[in-house]
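Take a look at the structure below.
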Amino acid sequence: MTTLDDDVAVQIRNILQPDTRGVGAWWYDFGMTCGTTEAVRYGAMGWWDHPRLQQDVQRLAAIVRERLARPHVRVADVLVVHDPWSFTHTGSRRAPDIDQLGDRSEALPIDSVSPIAIDALATGLYQSGLVHEDALLSELSTIDLSAFRLVIFATTPVLDETQREMIRDRVPKDGRHVVFTGHAGWGDGSKVGPELATQLTGFETQLLNAEPAVQSVTLDGAEDVCELGGAFDVPGFNQENVSLVGLWKDGRASAVSRVEEEATWWSFAVAPLQSSMLREIGRRAGCHIKNECDETTLVGAGLLVVHTLEAGSRTLKTPEGIVIEAVLPERSSVVFDTVTGERLLG
């Protein structure tokens, strides 16, 4: 159950998130469901009927309209690449025959890795103080990569030869850091195996059985422990001629890196998900860090939005070079102008 203060903070965060990426948003309201006790008790009442929420709707709409009228300037220096067709190549734990579920409405269990590579990675990035954008694998060949210091391949298990050549030609350049996660490049459309990942990343990759499958990653004081729950066949790496970043519980390598003249390469058996770990990877890549606290921080359209859990002092850095010193309340969303440092909302 949320409080009104929580609802106010979430509304600010959720409406301004797309605005920081140069697009709009909308409110939708199903209200009370007819025939329920709530409908009988409260009548024709909507989700946004509280005066505090409606006051913020007016202020938020004004901010969004004004910002969308400006030319959008990209401020992200982290790019996360997804292949939306990856779900067709990953083996989720599903019922052998959907018909045997009958009329039961239980949700089918999914694999343990996909939520990490998609939801947990996104959450960690939003709370890292880094600024990231997302791209489809099909867009990667045409995107201007010059602004990105860090490129993360989150869900790309199958890459054909054309895509592999494009990645090699475009991404590991100009001192950029390139991160492969999970089973990136394990398939090419006709066959599957760790040797295909080796060809893509240059890390000698193997298929290991981990029981239990627990990955521990450490980097510059940051720690990231991920338990998949049970035994899994997982990627592993030869430890020779690489920097060891992470281990499976049995001591075999789960994350490695190496530095080359034009780029730094990373490969993680399971995507890093802790904000502190992602922040340190970004720091090594030369990415700008807007907030050192582990809390959702949105930047774009001339706005910096901080969604807090704990109260306290913050030092925030904007893309324009402004340093904002502020004391923020707990469980709040506070909005700043990145050019002037002015506190606009919250």
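Residue-wise test of (1) in the same structural domain as residue 128 (by TED's automatic domain parsing); (2) more than 24 Å from the chain's Cα centre (by Cα); (3) closer than 27 Å to residue 171 by Cβ; (4) surrounded by 13 or more Cβ atoms within 10 Å (Cβ to Cβ).
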| site | (1), (2), (3), (4) |
| --- | --- |
| 236 | yes, no, yes, yes |
| 240 | yes, yes, yes, no |
| 243 | yes, yes, yes, yes |
| 251 | yes, yes, no, no |
| 257 | yes, no, yes, yes |
| 261 | yes, yes, yes, no |
| 268 | yes, no, yes, yes |
Of all residues in the stretch 119-149 being touching a helix residue (DSSP H, G or I) at 6+ places or on another chain (Cβ under 9 Å) and β-branched (Val, Ile, Thr), the one that is surrounded by the most Cβ atoms within 10 Å (Cβ to Cβ):
131
Quick check: is even one residue across the stretch 150-161 in the same structural domain as residue 232 (by TED's automatic domain parsing), farther than 23 Å from residue 234 by Cα and surrounded by fewer than 24 Cβ atoms within 10 Å (Cβ to Cβ)?
yes
In the stretch 1-24, which residues are assigned to a helix (DSSP H, G or I) and either among the hydrophobic types (A, V, I, L, M, F, W, C) or touching a Cys at 6+ places or on another chain (Cβ under 6 Å) (or both)?
4, 8, 9, 10, 12, 15, 16
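The values are calculated or read from the model by the stated rules, or taken from the named source; none is laboratory data. These numbers come from a predicted model, not from an experiment. Methodologically, a virtual Cβ is constructed for each residue, glycine included, from the backbone with ideal geometry; neighbour enumeration extends over all protein chains shown.
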